[in-house]
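Below is one structure, written out as structure tokens; comments come after it.
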Amino acid sequence: MKTRIITAIVLLIVILPCVIWGGLPFKALIGIVAGIAVFEMLSICNRPKAHIYLYPIVAIFVFYSLYFEKSLLISSEIIILYMIILMACSMFDEGMNFLRLCYYFTSGVLIAMGLHMLYQLRLTYGLEYILILALATFGTDTGAYFTGMCFGKHKLNPRLSPKKTIEGSIGGIFLGTVLSAGYGAYIQIDMPIIWLIIMCFILTMTSQIGDLTFSSMKRTFEVKDFSQILPGHGGILDRFDSILFNAMVFGILIHFITMVVA
């Protein structure tokens, strides 16, 4: 526990100034996270291991999506191109069966879109939107943990996460929605209050879906953590799984809400 707390404090000291300052420090932070995430995503593959040529393929897709896609959403053309390249590789790579092909594609797109959304939210919409995302995501985690610890009796999904409970999930949804929607209303975000509440409510549910999705990846490859780069926490993807998934959802929600409200 001591190691976990120390690591968390160090992460906050490093990450918070970059997020608050924005600009080049945030861009560099996202780039470092992207590189580690790609490495972790491929390094958990075993029996057989991911071939070395896949690392630059996935990295190029992720970094191109991150820095060269200027709109809020990644263009479908680059995603389709990434899929075609992977399918072509599977024709010659005996270790890339259909399950492995699906993993490379799905996890690569998830990481690319999540990091791209985080970068664009900070660059285009500002720190306030990042804080709404963080409150919805980490508020859900906190609410689920304490509610589950005090009242949890019914398992949410024992196949993927034996400790999570339905009661904890409900508590997380409540706290995450109240914190994020309350903050959004306080700063008078440019969005009708009803849409703000709906958006924050959805984010608290998708936060948990994201957590379980990355847990499913680890179960598939029979590993406990994506890596050991963060003592007491595992890897970058272990620590930021929910926020990556939720950033992707947040960007999509903003895109469609803007279309409806406009």
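The values are calculated or read from the model by the stated rules, or taken from the named source; none is laboratory data. Computed from a prediction, not measured in an experiment: that's the story for all the values here. A quick note on method: Cβ atoms are made from the backbone with ideal geometry, for glycine too, and the neighbour counts reach across all protein chains shown. Side chains included, ligands, DNA and RNA excluded: accessible areas come from the protein's heavy atoms. Shrake-Rupley method; radii C 1.70, N 1.55, O 1.52, S 1.80 Å.
Side notes on the structure shown:
- Solvent-accessible surface (1.4 angstrom probe) belonging to residue 4, in square angstrom, nearest 10: 100 Å²
- Overall form of the range 80-216 per C-alpha gyration tensor (a/c, 1.5; a/b vs b/c): oblate
- CD proxy at 222 nm, helix term only [per DSSP H run n ≥ 4: -39500 (n - 2.57); per residue of the chain; nearest 500]: -25000 deg cm²/dmol
- Extreme residue, positive dipole direction of the range 103-185, given options 182, 123, 154 (C-beta unit charges): 154
- Charge dipole of the range 1-156 (Cα centre as origin; +1 on each Lys and Arg Cβ, -1 on each Asp and Glu Cβ, all else neutral): 500 debye, rounded to the nearest 20.
- A cut-off of 5 Å between modelled amide H atoms, ignoring neighbours fewer than 5 places along the same chain, links residue 164 with 156, 157.
- Put the Cα centre of the range 112-190 next to the Cα centre of the range 231-258 and the gap is 10 Å.
- Shape class of the range 175-228 from the alpha-carbon gyration tensor: prolate, with a/c at 1.5 or above and a/b greater than b/c.
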